[in-house]
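Working notes, structure below.
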Amino acid sequence: MSEAPSTADAPWPVGELSQKIKGYIDRLGSVWVEGEITQWGVSGGNVYGKLKDLAVDATVSFTVWSSVKAKLPQGLGQGDRVVALVKANWWVKGGSLTMQVFEMRRVGLGDLLERLERLKQQLRAEGLFDPSRKKPLPFLPHCIGLVTGADSDAEKDVLRNAQLRWPSVRFRVHHSAVQGERAVGEIIAGIRALDADPEVDVIIVARGGGDFQNLLPFSDEAVVRAAAACETPLVSAIGHENDRPLLDEVADLRASTPTDAAKRVVPDVSDELAKVQQVRSRLLTRVTGLIGTEIDRLAQIRSRPALASATWIIDQRAEELTRFVARGVELTARRLERAHLDLTERRGQLRALSPQHTLDRGYAIVQTGAGGVVRDAAETAPGDALVLTLARGRIAATAGEAHPSASANPASGTRTPTPPAPEPQTPTL
(Lines give C-alpha, C1' and ligand atoms only; values in the text may rest on other atoms or scores of the structure.)
Protein backbone atom coordinates (compact mmCIF):
# COMPACT_ATOMS: atom_id res chain seq x y z
CA MET A 1 0.00 0.00 0.00
CA SER A 2 1.42 3.37 -0.97
CA GLU A 3 2.26 5.82 1.80
CA ALA A 4 2.61 8.77 -0.63
CA PRO A 5 0.25 11.69 -0.08
CA SER A 6 -2.77 11.88 -2.24
CA THR A 7 -2.67 14.53 -5.00
CA ALA A 8 -4.58 15.28 -8.13
CA ASP A 9 -1.70 13.88 -10.13
CA ALA A 10 -1.26 10.89 -7.82
CA PRO A 11 -4.65 10.01 -6.27
CA TRP A 12 -5.17 7.01 -3.98
CA PRO A 13 -7.06 4.07 -5.29
CA VAL A 14 -10.48 3.54 -3.69
CA GLY A 15 -9.35 0.30 -2.16
CA GLU A 16 -6.41 2.03 -0.53
CA LEU A 17 -8.67 4.67 0.93
CA SER A 18 -11.01 2.04 2.20
CA GLN A 19 -8.15 0.15 3.78
CA LYS A 20 -6.84 3.29 5.47
CA ILE A 21 -10.28 4.02 6.86
CA LYS A 22 -10.47 0.47 8.20
CA GLY A 23 -7.06 0.88 9.79
CA TYR A 24 -8.05 4.10 11.54
CA ILE A 25 -11.29 2.54 12.79
CA ASP A 26 -9.58 -0.62 13.98
CA ARG A 27 -7.26 1.46 16.14
CA LEU A 28 -10.33 2.86 17.89
CA GLY A 29 -10.94 -0.52 19.52
CA SER A 30 -14.02 -1.40 21.62
CA VAL A 31 -16.00 1.38 23.29
CA TRP A 32 -19.13 1.70 25.40
CA VAL A 33 -21.88 3.77 23.81
CA GLU A 34 -25.33 4.80 24.98
CA GLY A 35 -28.40 5.33 22.86
CA GLU A 36 -31.94 4.26 21.99
CA ILE A 37 -32.70 1.29 19.77
CA THR A 38 -34.70 2.63 16.83
CA GLN A 39 -34.56 -0.48 14.69
CA TRP A 40 -34.37 -4.14 15.68
CA GLY A 41 -34.58 -6.97 13.18
CA VAL A 42 -33.61 -10.63 13.39
CA SER A 43 -32.34 -12.52 10.39
CA GLY A 44 -30.64 -15.89 10.42
CA GLY A 45 -30.27 -15.75 14.18
CA ASN A 46 -28.42 -12.43 13.99
CA VAL A 47 -29.78 -9.02 14.97
CA TYR A 48 -29.46 -5.98 12.70
CA GLY A 49 -30.51 -2.66 14.11
CA LYS A 50 -29.82 1.00 14.57
CA LEU A 51 -28.83 2.98 17.64
CA LYS A 52 -29.77 6.64 17.91
CA ASP A 53 -28.14 9.29 20.08
CA LEU A 54 -30.31 10.49 22.94
CA ALA A 55 -29.56 14.21 22.47
CA VAL A 56 -28.54 14.91 18.88
CA ASP A 57 -29.63 13.61 15.51
CA ALA A 58 -27.04 10.87 15.04
CA THR A 59 -27.57 7.17 14.26
CA VAL A 60 -25.27 4.21 13.75
CA SER A 61 -26.02 0.69 12.60
CA PHE A 62 -25.13 -2.29 14.71
CA THR A 63 -24.96 -6.03 14.34
CA VAL A 64 -25.41 -8.63 17.03
CA TRP A 65 -24.24 -12.10 16.07
CA SER A 66 -26.26 -15.08 17.25
CA SER A 67 -23.60 -16.11 19.79
CA VAL A 68 -23.91 -12.72 21.49
CA LYS A 69 -27.70 -12.48 21.10
CA ALA A 70 -28.19 -15.47 23.44
CA LYS A 71 -26.52 -13.50 26.25
CA LEU A 72 -28.62 -10.35 25.88
CA PRO A 73 -31.38 -9.51 28.40
CA GLN A 74 -34.73 -11.02 27.55
CA GLY A 75 -37.26 -8.77 25.89
CA LEU A 76 -34.70 -6.33 24.51
CA GLY A 77 -36.04 -4.49 21.47
CA GLN A 78 -37.01 -1.28 19.73
CA GLY A 79 -37.54 1.67 22.03
CA ASP A 80 -35.22 0.44 24.78
CA ARG A 81 -32.47 2.68 26.09
CA VAL A 82 -29.23 0.71 26.26
CA VAL A 83 -25.51 0.89 26.77
CA ALA A 84 -23.51 -1.37 24.48
CA LEU A 85 -19.94 -2.49 24.16
CA VAL A 86 -19.29 -2.13 20.45
CA LYS A 87 -16.39 -2.26 18.02
CA ALA A 88 -16.59 -0.26 14.81
CA ASN A 89 -16.13 -2.36 11.65
CA TRP A 90 -15.53 -0.90 8.23
CA TRP A 91 -16.66 -3.03 5.36
CA VAL A 92 -13.96 -2.44 2.75
CA LYS A 93 -15.83 -4.00 -0.13
CA GLY A 94 -19.05 -2.15 0.44
CA GLY A 95 -17.68 0.98 1.99
CA SER A 96 -20.04 0.91 4.91
CA LEU A 97 -19.55 1.28 8.64
CA THR A 98 -21.28 -0.91 11.21
CA MET A 99 -20.93 -1.54 14.93
CA GLN A 100 -20.41 -5.08 16.13
CA VAL A 101 -22.06 -5.51 19.54
CA PHE A 102 -20.31 -7.65 22.14
CA GLU A 103 -22.50 -6.75 25.13
CA MET A 104 -25.68 -4.75 25.58
CA ARG A 105 -27.50 -3.69 28.73
CA ARG A 106 -30.80 -1.99 29.22
CA VAL A 107 -30.39 1.44 30.81
CA GLY A 108 -33.81 2.97 30.59
CA LEU A 109 -35.96 1.05 33.11
CA GLY A 110 -39.15 2.86 32.25
CA ASP A 111 -40.32 0.26 29.80
CA LEU A 112 -39.32 -2.61 32.07
CA LEU A 113 -41.06 -1.04 35.05
CA GLU A 114 -44.13 -0.50 32.96
CA ARG A 115 -44.22 -4.15 31.95
CA LEU A 116 -43.70 -5.24 35.55
CA GLU A 117 -46.52 -2.95 36.67
CA ARG A 118 -48.83 -4.44 34.03
CA LEU A 119 -47.90 -7.93 35.19
CA LYS A 120 -48.46 -6.90 38.80
CA GLN A 121 -51.92 -5.55 38.00
CA GLN A 122 -52.76 -8.71 36.08
CA LEU A 123 -51.70 -11.00 38.92
CA ARG A 124 -53.55 -8.85 41.45
CA ALA A 125 -56.70 -9.04 39.34
CA GLU A 126 -56.37 -12.83 39.35
CA GLY A 127 -56.33 -12.74 43.16
CA LEU A 128 -52.80 -14.06 43.63
CA PHE A 129 -51.98 -11.26 46.06
CA ASP A 130 -55.14 -11.56 48.20
CA PRO A 131 -54.41 -11.86 51.94
CA SER A 132 -57.03 -14.61 52.18
CA ARG A 133 -54.78 -16.88 50.10
CA LYS A 134 -51.83 -16.55 52.43
CA LYS A 135 -51.23 -19.61 54.57
CA PRO A 136 -50.10 -19.34 58.21
CA LEU A 137 -46.61 -20.52 59.05
CA PRO A 138 -46.21 -23.49 61.41
CA PHE A 139 -45.30 -22.54 64.94
CA LEU A 140 -42.30 -24.86 65.05
CA PRO A 141 -41.20 -26.27 61.68
CA HIS A 142 -39.22 -29.49 61.98
CA CYS A 143 -37.79 -29.22 58.48
CA ILE A 144 -37.27 -26.00 56.47
CA GLY A 145 -36.76 -25.92 52.71
CA LEU A 146 -34.33 -23.26 51.45
CA VAL A 147 -33.93 -22.08 47.84
CA THR A 148 -30.83 -19.91 47.51
CA GLY A 149 -27.49 -19.54 45.80
CA ALA A 150 -24.77 -22.07 46.52
CA ASP A 151 -22.37 -20.97 49.26
CA SER A 152 -24.06 -17.57 49.44
CA ASP A 153 -24.23 -15.21 52.37
CA ALA A 154 -27.99 -15.59 52.35
CA GLU A 155 -27.68 -19.35 52.90
CA LYS A 156 -25.21 -18.87 55.74
CA ASP A 157 -27.37 -16.24 57.42
CA VAL A 158 -30.51 -18.38 57.34
CA LEU A 159 -28.80 -21.56 58.57
CA ARG A 160 -26.80 -19.85 61.32
CA ASN A 161 -29.64 -17.76 62.77
CA ALA A 162 -32.19 -20.55 62.60
CA GLN A 163 -29.93 -23.04 64.37
CA LEU A 164 -29.00 -20.49 67.02
CA ARG A 165 -32.67 -20.01 67.80
CA TRP A 166 -33.65 -23.70 67.65
CA PRO A 167 -30.67 -26.07 67.41
CA SER A 168 -32.71 -29.14 66.42
CA VAL A 169 -34.25 -27.59 63.29
CA ARG A 170 -33.39 -29.35 60.01
CA PHE A 171 -32.95 -27.93 56.50
CA ARG A 172 -33.39 -29.16 52.93
CA VAL A 173 -31.33 -26.78 50.78
CA HIS A 174 -31.86 -26.49 47.02
CA HIS A 175 -29.09 -24.49 45.38
CA SER A 176 -30.03 -22.45 42.33
CA ALA A 177 -28.82 -19.48 40.35
CA VAL A 178 -30.29 -16.27 41.73
CA GLN A 179 -29.55 -14.06 38.73
CA GLY A 180 -28.95 -14.50 35.06
CA GLU A 181 -30.58 -16.69 32.45
CA ARG A 182 -30.62 -19.90 34.51
CA ALA A 183 -32.16 -18.32 37.58
CA VAL A 184 -35.84 -18.54 36.63
CA GLY A 185 -35.81 -22.24 35.76
CA GLU A 186 -33.70 -23.27 38.75
CA ILE A 187 -35.75 -21.23 41.24
CA ILE A 188 -38.96 -22.81 39.95
CA ALA A 189 -37.41 -26.28 40.12
CA GLY A 190 -36.31 -25.65 43.71
CA ILE A 191 -39.76 -24.47 44.83
CA ARG A 192 -41.51 -27.43 43.22
CA ALA A 193 -39.04 -29.98 44.56
CA LEU A 194 -39.34 -28.74 48.14
CA ASP A 195 -43.11 -28.40 47.88
CA ALA A 196 -43.31 -32.06 46.86
CA ASP A 197 -41.21 -33.14 49.87
CA PRO A 198 -43.65 -34.23 52.62
CA GLU A 199 -41.12 -33.53 55.38
CA VAL A 200 -40.71 -29.84 54.48
CA ASP A 201 -42.97 -27.65 56.64
CA VAL A 202 -42.06 -24.23 55.20
CA ILE A 203 -40.00 -22.94 52.25
CA ILE A 204 -37.70 -19.91 52.26
CA VAL A 205 -36.57 -18.31 48.99
CA ALA A 206 -33.55 -16.18 49.89
CA ARG A 207 -31.12 -13.84 48.20
CA GLY A 208 -28.89 -11.24 49.79
CA GLY A 209 -30.18 -8.18 47.94
CA GLY A 210 -28.76 -6.76 44.70
CA ASP A 211 -29.59 -4.16 42.08
CA PHE A 212 -32.90 -4.04 40.31
CA GLN A 213 -31.82 -5.96 37.23
CA ASN A 214 -30.29 -8.75 39.30
CA LEU A 215 -33.59 -9.20 41.10
CA LEU A 216 -35.64 -9.55 37.90
CA PRO A 217 -35.84 -13.38 38.13
CA PHE A 218 -37.86 -13.00 41.33
CA SER A 219 -40.43 -10.91 39.43
CA ASP A 220 -40.70 -13.36 36.56
CA GLU A 221 -44.28 -14.45 35.95
CA ALA A 222 -43.38 -18.15 35.96
CA VAL A 223 -41.63 -17.84 39.34
CA VAL A 224 -44.55 -15.91 40.82
CA ARG A 225 -47.09 -18.45 39.60
CA ALA A 226 -44.98 -21.35 40.91
CA ALA A 227 -44.90 -19.68 44.34
CA ALA A 228 -48.66 -19.10 44.22
CA ALA A 229 -49.29 -22.76 43.39
CA CYS A 230 -47.08 -23.93 46.27
CA GLU A 231 -49.05 -25.85 48.91
CA THR A 232 -46.32 -25.42 51.52
CA PRO A 233 -46.14 -21.99 53.23
CA LEU A 234 -43.53 -19.89 51.41
CA VAL A 235 -41.40 -17.04 52.74
CA SER A 236 -39.78 -14.49 50.43
CA ALA A 237 -36.46 -13.20 51.78
CA ILE A 238 -34.92 -11.34 48.84
CA GLY A 239 -33.55 -8.57 51.01
CA HIS A 240 -34.32 -5.48 48.94
CA GLU A 241 -36.42 -2.73 50.49
CA ASN A 242 -36.50 -0.21 47.64
CA ASP A 243 -37.60 -2.43 44.74
CA ARG A 244 -39.78 -5.24 46.00
CA PRO A 245 -39.94 -8.17 43.55
CA LEU A 246 -43.34 -9.64 42.76
CA LEU A 247 -42.40 -12.76 44.72
CA ASP A 248 -42.82 -10.67 47.90
CA GLU A 249 -46.44 -9.97 46.97
CA VAL A 250 -47.49 -13.58 46.42
CA ALA A 251 -45.47 -15.15 49.25
CA ASP A 252 -47.26 -16.12 52.46
CA LEU A 253 -44.75 -14.02 54.42
CA ARG A 254 -42.27 -11.36 53.33
CA ALA A 255 -39.03 -11.05 55.27
CA SER A 256 -36.83 -8.01 54.86
CA THR A 257 -33.60 -10.05 54.90
CA PRO A 258 -32.57 -13.71 55.07
CA THR A 259 -31.71 -13.17 58.74
CA ASP A 260 -35.18 -11.76 59.34
CA ALA A 261 -36.67 -14.82 57.61
CA ALA A 262 -34.83 -17.17 59.97
CA LYS A 263 -36.07 -15.21 63.00
CA ARG A 264 -39.67 -15.15 61.82
CA VAL A 265 -39.83 -18.79 60.77
CA VAL A 266 -38.04 -20.38 63.74
CA PRO A 267 -39.00 -19.43 67.32
CA ASP A 268 -36.29 -18.71 69.86
CA VAL A 269 -36.02 -21.66 72.23
CA SER A 270 -34.96 -19.45 75.14
CA ASP A 271 -37.88 -17.09 74.59
CA GLU A 272 -40.34 -19.98 74.38
CA LEU A 273 -38.99 -21.56 77.55
CA ALA A 274 -39.32 -18.20 79.31
CA LYS A 275 -42.92 -17.91 78.09
CA VAL A 276 -43.68 -21.41 79.33
CA GLN A 277 -42.22 -20.55 82.73
CA GLN A 278 -44.26 -17.35 82.90
CA VAL A 279 -47.43 -19.23 82.02
CA ARG A 280 -46.69 -21.88 84.62
CA SER A 281 -46.08 -19.20 87.26
CA ARG A 282 -49.33 -17.43 86.41
CA LEU A 283 -51.20 -20.73 86.42
CA LEU A 284 -49.74 -21.71 89.78
CA THR A 285 -50.65 -18.32 91.25
CA ARG A 286 -54.16 -18.55 89.88
CA VAL A 287 -54.77 -22.09 91.10
CA THR A 288 -53.29 -21.31 94.51
CA GLY A 289 -55.54 -18.27 94.79
CA LEU A 290 -58.63 -20.29 93.83
CA ILE A 291 -57.80 -23.03 96.35
CA GLY A 292 -57.19 -20.45 99.10
CA THR A 293 -60.50 -18.76 98.35
CA GLU A 294 -62.38 -22.06 98.50
CA ILE A 295 -60.67 -23.00 101.77
CA ASP A 296 -61.72 -19.67 103.31
CA ARG A 297 -65.26 -20.08 102.02
CA LEU A 298 -65.47 -23.60 103.42
CA ALA A 299 -64.19 -22.40 106.80
CA GLN A 300 -66.84 -19.68 106.86
CA ILE A 301 -69.56 -22.21 106.09
CA ARG A 302 -68.34 -24.59 108.78
CA SER A 303 -68.28 -21.78 111.36
CA ARG A 304 -71.99 -21.03 110.91
CA PRO A 305 -74.30 -22.08 113.81
CA ALA A 306 -76.12 -24.41 111.48
CA LEU A 307 -72.99 -26.51 111.09
CA ALA A 308 -71.40 -25.89 114.51
CA SER A 309 -73.36 -28.83 115.96
CA ALA A 310 -74.74 -31.38 113.57
CA THR A 311 -77.21 -32.85 116.13
CA TRP A 312 -79.43 -29.76 116.16
CA ILE A 313 -80.94 -30.77 112.85
CA ILE A 314 -81.86 -34.21 114.23
CA ASP A 315 -83.22 -32.72 117.46
CA GLN A 316 -85.30 -30.16 115.61
CA ARG A 317 -86.68 -32.73 113.24
CA ALA A 318 -87.37 -35.15 116.13
CA GLU A 319 -89.45 -32.50 117.95
CA GLU A 320 -91.35 -31.76 114.77
CA LEU A 321 -91.98 -35.47 114.22
CA THR A 322 -93.22 -35.89 117.82
CA ARG A 323 -95.64 -32.99 117.39
CA PHE A 324 -96.88 -34.37 114.09
CA VAL A 325 -97.42 -37.85 115.61
CA ALA A 326 -99.31 -36.44 118.62
CA ARG A 327 -101.41 -34.30 116.35
CA GLY A 328 -102.13 -37.29 114.16
CA VAL A 329 -103.19 -39.42 117.11
CA GLU A 330 -105.46 -36.64 118.42
CA LEU A 331 -107.06 -36.06 115.06
CA THR A 332 -107.55 -39.80 114.54
CA ALA A 333 -109.22 -40.21 117.97
CA ARG A 334 -111.56 -37.28 117.32
CA ARG A 335 -112.49 -38.64 113.95
CA LEU A 336 -113.17 -42.12 115.36
CA GLU A 337 -115.26 -40.62 118.21
CA ARG A 338 -117.36 -38.61 115.76
CA ALA A 339 -117.79 -41.67 113.58
CA HIS A 340 -118.89 -43.77 116.63
CA LEU A 341 -121.47 -41.17 117.67
CA ASP A 342 -122.75 -40.92 114.15
CA LEU A 343 -123.00 -44.70 113.91
CA THR A 344 -124.91 -44.89 117.25
CA GLU A 345 -127.35 -42.23 116.08
CA ARG A 346 -127.98 -43.93 112.81
CA ARG A 347 -128.38 -47.27 114.55
CA GLY A 348 -131.08 -45.76 116.81
CA GLN A 349 -132.84 -44.25 113.82
CA LEU A 350 -132.70 -47.54 112.00
CA ARG A 351 -134.07 -49.44 114.99
CA ALA A 352 -136.89 -46.93 115.39
CA LEU A 353 -137.93 -47.55 111.83
CA SER A 354 -137.46 -51.32 112.01
CA PRO A 355 -140.66 -53.56 111.61
CA GLN A 356 -139.32 -55.72 114.40
CA HIS A 357 -139.46 -52.75 116.71
CA THR A 358 -143.15 -52.37 115.82
CA LEU A 359 -143.73 -56.04 116.62
CA ASP A 360 -141.95 -55.59 119.93
CA ARG A 361 -144.58 -53.00 120.89
CA GLY A 362 -147.34 -55.66 120.66
CA TYR A 363 -148.43 -55.51 117.10
CA ALA A 364 -148.83 -58.58 114.89
CA ILE A 365 -148.77 -59.24 111.16
CA VAL A 366 -151.79 -61.13 109.83
CA GLN A 367 -151.22 -63.23 106.75
CA THR A 368 -153.41 -65.57 104.74
CA GLY A 369 -152.47 -69.16 104.23
CA ALA A 370 -151.04 -68.17 100.88
CA GLY A 371 -148.73 -65.70 102.60
CA GLY A 372 -150.52 -62.50 101.65
CA VAL A 373 -150.78 -59.72 104.28
CA VAL A 374 -154.29 -58.98 105.50
CA ARG A 375 -154.93 -55.24 105.71
CA ASP A 376 -158.73 -55.22 105.69
CA ALA A 377 -161.20 -57.50 107.50
CA ALA A 378 -163.22 -57.72 104.32
CA GLU A 379 -160.29 -59.58 102.70
CA THR A 380 -161.12 -62.66 104.87
CA ALA A 381 -164.10 -64.93 105.26
CA PRO A 382 -165.10 -66.78 108.37
CA GLY A 383 -163.16 -70.00 108.67
CA ASP A 384 -160.14 -68.86 106.58
CA ALA A 385 -156.80 -70.05 107.87
CA LEU A 386 -154.62 -67.22 109.08
CA VAL A 387 -151.02 -66.87 110.31
CA LEU A 388 -150.18 -64.27 112.96
CA THR A 389 -146.54 -63.16 113.16
CA LEU A 390 -145.64 -61.82 116.59
CA ALA A 391 -142.51 -60.28 118.02
CA ARG A 392 -141.36 -63.81 118.76
CA GLY A 393 -142.83 -66.68 116.83
CA ARG A 394 -146.02 -67.30 114.81
CA ILE A 395 -149.55 -68.41 115.66
CA ALA A 396 -151.98 -70.23 113.40
CA ALA A 397 -155.55 -68.93 113.63
CA THR A 398 -158.94 -69.14 111.96
CA ALA A 399 -160.85 -66.07 110.79
CA GLY A 400 -164.15 -65.45 112.54
CA GLU A 401 -166.95 -63.04 111.87
CA ALA A 402 -165.78 -59.56 110.90
CA HIS A 403 -166.42 -56.71 113.36
CA PRO A 404 -166.63 -52.99 112.70
CA SER A 405 -163.31 -51.15 112.55
CA ALA A 406 -161.90 -50.23 115.92
CA SER A 407 -160.29 -47.19 114.56
CA ALA A 408 -163.42 -45.09 115.21
CA ASN A 409 -164.45 -44.24 118.79
CA PRO A 410 -168.14 -43.34 118.87
CA ALA A 411 -167.98 -41.95 122.37
CA SER A 412 -165.22 -39.48 121.78
CA GLY A 413 -165.64 -39.04 118.10
CA THR A 414 -161.91 -39.64 117.63
CA ARG A 415 -160.11 -42.17 115.42
CA THR A 416 -157.50 -44.47 116.88
CA PRO A 417 -154.67 -44.80 114.42
CA THR A 418 -153.88 -48.25 113.16
CA PRO A 419 -150.18 -49.04 113.22
CA PRO A 420 -148.63 -49.88 109.88
CA ALA A 421 -148.38 -53.54 109.09
CA PRO A 422 -144.73 -54.67 108.87
CA GLU A 423 -143.45 -56.71 105.97
CA PRO A 424 -143.43 -60.42 106.76
CA GLN A 425 -140.25 -62.29 107.67
CA THR A 426 -138.31 -59.12 108.67
CA PRO A 427 -135.09 -60.03 110.55
CA THR A 428 -134.65 -58.87 114.13
CA LEU A 429 -131.94 -56.20 114.79
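Counting the residues of the stretch 358-379 that are open to solvent by 40 Å² or more (accessible area, probe 1.4 Å), closer than 16 Å to Ala402 by Cβ and part of a loop (DSSP other than H, G, I, E, B) gives 2.
Only one residue in Phe212, Phe218 is aromatic (Phe, Trp, Tyr), under 22 Å from Leu113 (Cα atoms) and open to solvent by 10 Å² or more (accessible area, probe 1.4 Å). Which one?
Just one listed residue meets the conditions, Phe212.
Counting only residues that are crowded, with 18+ Cβ neighbours inside 10 Å and over 29 Å from the mean Cα position of the chain (by Cα), the stretch 121-160 holds 9 of them. The set of residues from the stretch 33-90 being closer than 28 Å to Gln19 by Cα, in a strand (DSSP E or B) and charged (D, E, K, R) comprises Glu34, Lys50, Lys52, Lys87. Of all residues in the stretch 80-104, exactly one satisfies the criterion of being within 60 Å of the chain's Cα centre (by Cα), open to solvent by 50 Å² or more (accessible area, probe 1.4 Å) and modelled with pLDDT under 85, namely Arg81. In the stretch 267-308, of all residues being in contact with a Leu (Cβ under 9 Å, 6 or more places away or on another chain) and of a type outside the set (Val, Ile, Thr), the one that is surrounded by the most Cβ atoms within 10 Å (Cβ to Cβ) corresponds to Pro267.
Scanning the stretch 142-158 for residues that are touching a residue at least 60 places away in the same chain (Cβ under 8 Å) and among the aliphatic types (A, V, I, L, M) yields Ile144, Leu146, Ala154, Val158.
The values are calculated or read from the model by the stated rules, or taken from the named source; none is laboratory data. Only a predicted model underlies this, so the values are computations on that prediction, with no experimental measurement involved. Positions of Cβ are backbone-derived with ideal geometry, glycine not excepted, and every protein chain shown enters the neighbour counts. When the accessible area is computed, the model is the full protein with side chains, heavy atoms only, and any ligands, DNA or RNA have been set aside. Shrake-Rupley method; radii C 1.70, N 1.55, O 1.52, S 1.80 Å.
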